[in-house]
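Some notes on the structure that comes next.
The values are calculated or read from the model by the stated rules, or taken from the named source; none is laboratory data. This structure is a prediction, so every number in the text was calculated from the model and none was measured. Cβ: placed from backbone, ideal geometry, glycine included. Neighbour counts: every protein chain shown.
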Amino acid sequence: MSRQTIAKRTIAERIAERQGLGQIQTLQIIQAFLDEIIEELAQGNRLEFRDFGVFETVVRKARTALNPKTLEKVQVGSKVVVKFKVGRLMKEKVEKLLAAEGNAGGGVSGGDNGGNVAPGST
């Protein structure tokens, strides 16, 4: 399987076709849904979508890091990040796909260390 980047518009087109809706209306619904997720996370709320996953915000403590170019120690301030923990059904489907492709050593992270998304990077 070659990896592709799928845009929101492509997802909207697929949903519109399957559900018999207009593409513009579907795109507006998807955008409204995403806006609600952003708003809830901005308020510090935890969002749970059964079998899909859980989004929540966590505070990363300030720490000392190493600049990889200069090898100089730098202070990194605390920050709020969005954490996503993959749900059971999604995890099973992705692992099944990876196993079918012969990537059995890969896997889907259950949560804490691989699913962080910085605010504004989505």
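Check whether at least one residue in segment 15-23 is surrounded by 12 or more Cβ atoms within 10 Å (Cβ to Cβ) and in a loop (DSSP other than H, G, I, E, B), and report yes or no. Among the residues of segment 15-23, at least one is surrounded by 12 or more Cβ atoms within 10 Å (Cβ to Cβ) and in a loop (DSSP other than H, G, I, E, B), which makes the answer yes. Per this entry, Q4 is counted among residues that are of a type outside the set (G, A, S), loosely packed, with under 12 Cβ neighbours inside 10 Å and at pLDDT below 95.
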